[in-house]
Structure formats: C-alpha cells, structure tokens
Amino acid sequence: MTKALTLKGRDYDTKMSLGARMWKYRAFYFFLLPAIIWYAIFCYYPMYGVLIAFKNFKFNLGILGSDWVGLRYFRNFLGDPYFWTIVKNTLVISLLKLFCGFPAPIILALFLNEVRNVRYKKLVQTLSYLPHFVSWVVVVALLTKLLSPNNGAINELRQAINPNASSVFYLGEPGWFYPIIVLSDIWKNVGWGSIIYLAALTAIDPEQYEAAELDGANRWQKMGHITLPGIYPTIGILMILSLSGILNAGFDQIYLLQKPSTLHLSEVLDTYVLKRGLQQGHYSYSTAVGIFRSVISMVLIVTVNGISRRTSEVSLW
Amino acid sequence: MSTVNIKHKGDRLYYAILYTVLGLFCFTTVFPFIYSLVLSFNDGYDALRGGIYFWPRKFTLENYEMAFAHPQIMTSFRVTVLRTLVTTVLSVGLTAMMAYGLTEKKLPGRTGIVFYFFFTTLFSGGLIPTYVLYRQMGLINNFWVFVLPGLFSFYNTVIMRTSFEGIPAALTESARIDGAKEMTIFTRLIIPLSLPVFATIALFVGVGNWNDWFAGAFYIQFKKDLVPASTLLYQLISEASFESSMSTTTGQMQMNEQLMMAKATGTTPESLRLTFVIIIVTPILMVYPFLQRYFVKGVMIGSIKG
C-alpha cells in the first residue's frame, strides 16, 4: 500500500495500454530523439551505403541510380594480386600485437600492485597514461626524431657504444617495421590498458592474502593462486575484445609509419581501402574490401563471444 | 593488517628490482617528450651536431617565436581549439540526454532502442559509404565535418548511464511526486550530481578531437584555413619523409617557403616540427593528470559494461 503510494502509480504500468505507457514516458523519447536521428544518419545511412559495393557507383548517379554489378568487386578483390599480401599483413600485425601487446598491461598492473609507496605508484600511473592521450601523429613525429639516421638518439647511442657502427634508417628498413609497430603500440597503450587490471586487482579480498600468509605461502605462490585467478575474468573479457578486433591492425599507426620501402609488409586492409577509395577514387571496389573486413569482424566477435560464454561464462553480452 | 616491513634480504632485493624496473619504464615513457622539449628550446643548426638529450646546449626561443608567428600554424590551432570546444560541449550535452533517456527501465521499446544503438558497435558501413554521406550532406570542406560525426558514442553513453543509475532513485522519485518535469529533473538534479562523469566524457571527446588528424587530411581538400593542428603536423611529417617530392600542392609550398625563410634564423624544419609537437601536447598534459581519478572510474565502468 505505502509502496504503491510512494511510487505514485508507476507499478500499475502493466495495466495501461501501450499508447498510454508511451505517452506517460514521452519525456524519455524526447531525450532519445537526437540520438536516434543521429544514429540513423551517421551509422545506418552508411550501412545502407554498402550497396555501393554491389554497384558501379558514380557520384552523379547517386547510390540508387548507379548500375548493379552484383559481386563483381568482391571477385575482383579475391583475384587482386595484393589480396593475400594484405590479408597476411593484417593478420600478422594483429597477431604480433596480440601476443606481445596483450600481456604487457597485465604485467605492468602486477608490478604496480606490488608497489607499497603510494606516491611512487601514483606517479608511475600518471606518467604511464601520458602516451594514451597523444595522437599517433605526435608519436610518429617523436619516433621520426628518435630513430632518425641523422643524429637521432638511438643511432647516437649505438655509435657511442660502437664508433664503427653505421647509421640505420629504422623507419625505412623492412626488417625493423614489425618491431617498431609492436613496440610503439605497447609504448602507447600499456599504461591505459593497465587501468582495468589494476581495478580488478584492488577488488581481490585482502583476507585471501592474509590467509595464504598464515599458511606460509610465498610471494610467487600468492601471485599464482590468488592474484592471477582474481583477474582471470577480466583477462577473458579483454581477450574476447582483442580477438574480435583481429582484422583491425591499427589504421593510424600503420598508415603513418609505412614507407614505400615497407609497403610489402605494412599494407593492411584499412590502409588499402583508404588508398584505393579516397585517394584513387575506386569507391565501389574499396567498399567491397571494407565489407569483407566488417563482416568477418562481426562474425568473429559473435563467435568468440558465443564460445566463451558456453565454455567459461565470460562474455560481453 | 599486513604492514610491510622490509626485513628480509630477499625482500629488499625484490623491491629494489621492482622500483628500478618501473623507473626504467617511466623513463622510456617520458624520454621522447623530454627529448623533443629540449630540442625545441635549442638552436636548430646547433642541434644538427647531435648529442643533446636532457638539456639545451644553445638555448633559444626562436623556434617558438617562429611557430607563433607562422600564419598557418596559428590558423590550424584556431581551428583545433574551436572544433574541440564546439564538439565537446555539444557531445557532452547530447550524450547526457541519450544516457538519461536510457535510464528509464520501463520505457516501452527500450530493448529495441538499445539494440539499435548497440548494433552500430558491431557493424559499420565503412570508410567509403561514410565519405559518400559526407559529400551528399555537403560536409566536405565544411567545418561541421569535425563536429557532427563525433557527437555520439555508445561507449561514452554507457559510462554516463551507469553514473546516472548510481544516483538514488528516491531522489528522482521524490522530485516527480513534487510535480517536477523530466526536463527539470535532468537539468536540476541529474546534471549537478554527475559533474565528475561530465568531466570524464569531456576529456575523452575533447582529447579525441584535439588529436584527430584524419578528418582534416581526407575530408578537407584545398582549404588551408580549415586544416587543424594535428593534420598540419601530419602533413609536415609526411613532407619531411618524402623529401621535397610532395611539395607541389599549395599548402606544402607555403610551408616550404616558410621553412626556407627559417634558414636565416636558428630554426630548422626539424626543430620547428618538434616545437609544434610540444605546443600540441602541452594543453593535454595540463588537463589529464587532474582528471585522473574520474577517468579511471570511467574506464572501469566502460570496460565492464561496454
């Protein structure tokens, strides 16, 4: 009785007609309206725009007015002499980043979790977030100077150790491309990535550690039996996210770091779409390549999430 | 309480290694910035001899004088500041409306509406259909291409909604009983109680805009007065890496002429570039450490619920 009074009839919703309920909550539709319109224009209209891939798109004819060509551009892409190189590069870069980059924030978080000096910990954390807040353009500008063959710090260091060493043009050297991609990716993201693991670590009940200490567990036993199991669910969620982003090798970084001399290793799906589409004007072809990528990504995230939900109860939705 | 007394030798070694490794980690994080900061305060020609890492050898402010007197650099910062302010204000307001709209669990059709928003995180039209849309809307070579596409993000909405849901329902209910309209509840109750999350989203959107170089590089063509700072820096780096072979377009011609002029003073293209980097990075550096407590919370919510 009192509950019904304080809720002022909100519990009787189910007895109202749909129209009456919608009218009752009309204010919330009003709040959602700008978002609904924006999503229709900026997300759903481009989805409708994927029709471009099945047409011979001409700007003056519009999306509907252009001629249908069926799957011609998809076949063209599968027959593209660069197809395998691009798919291989995309996967290689993503997998390298996954294997090397995924554990890095976990390790940083485990290290930070051991630090007892609060101010030192806070300082390290604040500094570690810094690279996340600068753009890849800035990072590449910094790298260009650091790795420059003309008195860049790294070449100078090498020559200080061995005066006979010749300067290396790291950014143009194919053999250095993947190491630079992986290391700069870790450099930029490790601090930010550690936030979520640190949160999971602080959520572990300290009593578990006390109990383990009473049982005589050493530092490594505590880490293996309490700390790591405590963050397994977090690791799982982030692993799903990373696996489903496997076709997203990191556009900004790769586009800004690739040079003509490294193209055979650095051309990925995203950079190829940009070059063929925006720079050369092959709109329909690039859209087809883009769809190829989006569809595989979507299938991947749904599959990985499904498998994970069934086997470990860790899932995104 | 497990107060830690460093009493064992093993412990002392353990902590020594731990603190050193983290110290080295900080050094690698910060050094590239220090390096370019130092070089930006050093004479450009003197810097060509190398050997400058932690302190300028031939101190000068000429790089900064040059940068601040450079018309294109200044125009680009005006564009960047303007687009960042406009997008951040609009985006935070609209995201808050969207998030508040999603807090009402009994809203008819809510599940469908949430899916309508969520689906866009799984599948998108891609670059070319988006470009076609912008062209059809007249956004190419238009200032609003910096603002409109970045107004909403599902991730930011989830962070805000979670924060709104943390406000005790009793507060909004009692306001409703007092006859307050939803709009009043939103502006008088929800917004004042959610300033930390507003700061977080403002930081995310603001930094994203400040750093965005893509829109300026590909959706702005031959309009120098609409090129943002990040895009200009991108053009400077790619110009440097492709040497002079790229210097045919008007924007880059001007840049080159300007850099030629620079040769009279103690400024080189490289020292000017690094100065530019420092100018771009400084505003971000001044803001993010103070919002740390809030955005850390935001990230946690975003990754748990997102």
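Does A:T90 count as surrounded by 14 or more Cβ atoms within 10 Å (Cβ to Cβ) and more than 8 Å from chain B (Cβ to nearest Cβ)?
yes
Could you count how many residues in the stretch B:54-70 are within 14 Å of another protein chain (Cβ to nearest Cβ), in a helix (DSSP H, G or I) and over 22 Å from B:D225 (Cβ atoms)?
1
Check off (1) modelled with pLDDT of 90 or more; (2) facing another protein chain (nearest Cβ under 9 Å); (3) open to solvent by 40 Å² or more (accessible area, probe 1.4 Å) for B:F242 and give me the number that stays unchecked.
(1)
Go through (1) surrounded by 15 or more Cβ atoms within 10 Å (Cβ to Cβ); (2) modelled with pLDDT under 90; (3) within 30 Å of A:T303 (Cα to Cα) and name the single condition A:L201 misses.
Exception for A:L201: condition (2).
Out of all the residues in the stretch B:167-179, which are more than 11 Å from every other protein chain (Cβ to nearest Cβ) and open to solvent by 60 Å² or more (accessible area, probe 1.4 Å)? It would help to see each step written out before you state the result.
Filtering the stretch B:167-179 down to residues more than 11 Å from every other protein chain (Cβ to nearest Cβ) leaves B:167-168, B:171-172, B:175.
Correct list: B:P168, B:L171.
If you scan the stretch B:185-195, which residues turn out to be surrounded by 15 or more Cβ atoms within 10 Å (Cβ to Cβ) and assigned to a helix (DSSP H, G or I)? Even if it seems obvious, please write down each step before you answer.
From the stretch B:185-195, those surrounded by 15 or more Cβ atoms within 10 Å (Cβ to Cβ) are B:185-186, B:189-191, B:193-194; that's our starting set.
Hits for the stretch B:185-195 are B:I185, B:F186, B:L189, B:I190, B:I191, B:L193.
Out of all the residues in the stretch A:150-174, which are facing chain B (nearest Cβ under 9 Å), open to solvent by 80 Å² or more (accessible area, probe 1.4 Å) and closer than 20 Å to A:H264 by Cα?
none
Among the candidates A:I41, A:I37, which residue alone is at pLDDT 95 or above and under 21 Å from B:Y100 (Cα atoms)? So that I can check it myself, show each step before the final result.
Working: A:I41 fails: under 21 Å from B:Y100 (Cα atoms).
Only one candidate qualifies: A:I37.
Can you tell me which condition B:G125 does not meet? The list is (1) outside any helix (DSSP H, G or I); (2) surrounded by fewer than 21 Cβ atoms within 10 Å (Cβ to Cβ); (3) in contact with a helix residue (DSSP H, G or I) (Cβ under 6 Å, 6 or more places away or on another chain); (4) at the interface with chain A (Cβ under 7 Å from one of its Cβ atoms), and all the others hold.
(2)
Which of the residues spanning the stretch A:190-209 are among the acidic types (D, E) and not in a helix (DSSP H, G or I)?
Here is the first cut: in the stretch A:190-209, the ones among the acidic types (D, E) are A:205, A:207.
Of everything in the stretch A:190-209, just one residue is among the acidic types (D, E) and not in a helix (DSSP H, G or I), namely A:D205.
Can you tell me how many residues within the stretch A:44-57 are surrounded by fewer than 21 Cβ atoms within 10 Å (Cβ to Cβ) and touching a Phe, Trp or Tyr at 6+ places or on another chain (Cβ under 9 Å)?
Filtering the stretch A:44-57 down to residues surrounded by fewer than 21 Cβ atoms within 10 Å (Cβ to Cβ) leaves A:44-45, A:47-48, A:51, A:54, A:56.
Okay, now just the ones that are also touching a Phe, Trp or Tyr at 6+ places or on another chain (Cβ under 9 Å), so A:44, A:47, A:51, A:54, A:56.
Result for the stretch A:44-57: 5.
Scan the stretch B:105-120 for residues that are of a type in the set (S, T, N, Q) and more than 9 Å from chain A (Cβ to nearest Cβ) and report the count.
1
Take A:N60 and tell me if it is free of Cβ contacts under 8 Å to residues at least 60 places away in the same chain, more than 29 Å from the chain's Cα centre (by Cα), buried (at least 16 other Cβ atoms within 10 Å of the Cβ) and more than 20 Å from A:F177 (Cβ to Cβ).
Numbers: free of Cβ contacts under 8 Å to residues at least 60 places away in the same chain: yes; more than 29 Å from the chain's Cα centre (by Cα): yes; buried (at least 16 other Cβ atoms within 10 Å of the Cβ): no; more than 20 Å from A:F177 (Cβ to Cβ): yes.
Judged against the criteria, A:N60 is not a match.
Restricting to the stretch B:89-101, and then to whatever is more than 7 Å from chain A (Cβ to nearest Cβ) and crowded, with 20+ Cβ neighbours inside 10 Å, can you tell me which residue is farthest from B:I190 (Cα to Cα)?
Our first condition is that a residue be more than 7 Å from chain A (Cβ to nearest Cβ); within the stretch B:89-101, this holds for B:89-93, B:95-96, B:99.
If we keep only those that are crowded, with 20+ Cβ neighbours inside 10 Å too, we end up with B:91-92, B:95-96, B:99.
Numbers: B:S91: 17, B:V92: 13, B:T95: 13, B:A96: 9, B:A99: 11 Å.
Only one residue fits best here, namely B:S91.
All but one of (1) open to solvent by less than 70 Å² (accessible area, probe 1.4 Å); (2) over 31 Å from the mean Cα position of the chain (by Cα) hold for A:W23; state the number of the condition that does not hold.
Result: A:W23 passes all but (1).
So for the stretch A:156-168 (the condition being within 30 Å of the chain's Cα centre (by Cα) and of a type in the set (D, E, K, R)), does at least one residue qualify? Working first, answer last.
Within the stretch A:156-168, the first condition is being within 30 Å of the chain's Cα centre (by Cα), and the residues that meet it are none.
Looking through the stretch A:156-168, none of the residues is within 30 Å of the chain's Cα centre (by Cα) and of a type in the set (D, E, K, R).
Can you name every residue in the stretch B:208-223 that is of a type in the set (F, W, Y) and facing another protein chain (nearest Cβ under 10 Å)? Don't jump to the end; show me each part of the working.
Of the residues in the stretch B:208-223, the ones of a type in the set (F, W, Y) are B:210, B:213-214, B:218-219, B:222.
Hits for the stretch B:208-223 are B:W210, B:W213, B:F214, B:F218, B:Y219.
Taking the conditions exactly as written (over 24 Å from B:F27 (Cα atoms), outside the structural domain of A:K259 (by TED's automatic domain parsing) and touching a helix residue (DSSP H, G or I) at 6+ places or on another chain (Cβ under 7 Å)), does A:I63 satisfy them or not?
Working: over 24 Å from B:F27 (Cα atoms): yes; outside the structural domain of A:K259 (by TED's automatic domain parsing): yes; touching a helix residue (DSSP H, G or I) at 6+ places or on another chain (Cβ under 7 Å): yes.
Considered against the rule, which asks whether it is over 24 Å from B:F27 (Cα atoms), outside the structural domain of A:K259 (by TED's automatic domain parsing) and touching a helix residue (DSSP H, G or I) at 6+ places or on another chain (Cβ under 7 Å), A:I63 comes out as yes.
Residues are listed down the side, and each one gets a yes or a no for (1) assigned to a helix (DSSP H, G or I); (2) at pLDDT 95 or above; (3) of a type in the set (F, W, Y); (4) farther than 15 Å from B:T267 by Cα:
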residue	(1), (2), (3), (4)
B:F31	yes, yes, yes, yes
B:Y45	yes, no, yes, no
B:I52	no, no, no, yes
B:Q72	yes, no, no, yes
B:T80	yes, yes, no, yes
B:T87	yes, yes, no, yes
B:S91	yes, yes, no, yes
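For the stretch B:141-176: of the residues being part of a loop (DSSP other than H, G, I, E, B) and more than 16 Å from A:I41 (Cα to Cα), which is farthest from the chain's Cα centre (by Cα)? Don't jump to the end; show me each part of the working.
From the stretch B:141-176, those part of a loop (DSSP other than H, G, I, E, B) are B:141-142, B:147, B:151-153, B:166-168; that's our starting set.
Remaining after also requiring more than 16 Å from A:I41 (Cα to Cα): B:141-142, B:166-168.
Numbers: B:N141: 22, B:N142: 21, B:G166: 27, B:I167: 29, B:P168: 32 Å.
Once the filter is applied, the top-ranked residue is B:P168.
Considering only residues that are open to solvent by 10 Å² or more (accessible area, probe 1.4 Å) and either among the β-branched types (V, I, T) or more than 7 Å from chain B (Cβ to nearest Cβ) (or both), which ones fall in the stretch A:121-147?
Scanning the stretch A:121-147 gives A:K121, A:K122, A:L123, A:Q125, A:T126, A:H132, A:W136, A:L143, A:T144, A:L147.
For residues in the stretch A:258-294 being facing another protein chain (nearest Cβ under 8 Å) and of a type in the set (V, I, T), which is surrounded by the fewest Cβ atoms within 10 Å (Cβ to Cβ)?
The selected residue is A:I291.
State yes or no: is A:V304 in contact (Cβ under 8 Å) with a residue 40 or more places away in the chain, open to solvent by less than 20 Å² (accessible area, probe 1.4 Å) and assigned to a helix (DSSP H, G or I)? Show your work before the answer.
Working: in contact (Cβ under 8 Å) with a residue 40 or more places away in the chain: yes; open to solvent by less than 20 Å² (accessible area, probe 1.4 Å): no; assigned to a helix (DSSP H, G or I): yes.
Spelling it out, it is not the case that A:V304 is in contact (Cβ under 8 Å) with a residue 40 or more places away in the chain, open to solvent by less than 20 Å² (accessible area, probe 1.4 Å) and assigned to a helix (DSSP H, G or I).
Could you please let me know if B:I304 is open to solvent by 20 Å² or more (accessible area, probe 1.4 Å), of a type outside the set (D, E), under 30 Å from A:G191 (Cα atoms) and modelled with pLDDT under 65?
Numbers: open to solvent by 20 Å² or more (accessible area, probe 1.4 Å): yes; of a type outside the set (D, E): yes; under 30 Å from A:G191 (Cα atoms): yes; modelled with pLDDT under 65: yes.
Yes: the conditions hold for B:I304.
The values are calculated or read from the model by the stated rules, or taken from the named source; none is laboratory data. Computed from a prediction, not measured in an experiment: that's the story for all the values here. Neighbour counts are summed over all protein chains in view; Cβ atoms, including those assigned to glycine, are modelled from backbone coordinates with ideal geometry. For accessibility, only protein heavy atoms count, side chains too; no ligands or nucleic acids. Shrake-Rupley method; radii C 1.70, N 1.55, O 1.52, S 1.80 Å.
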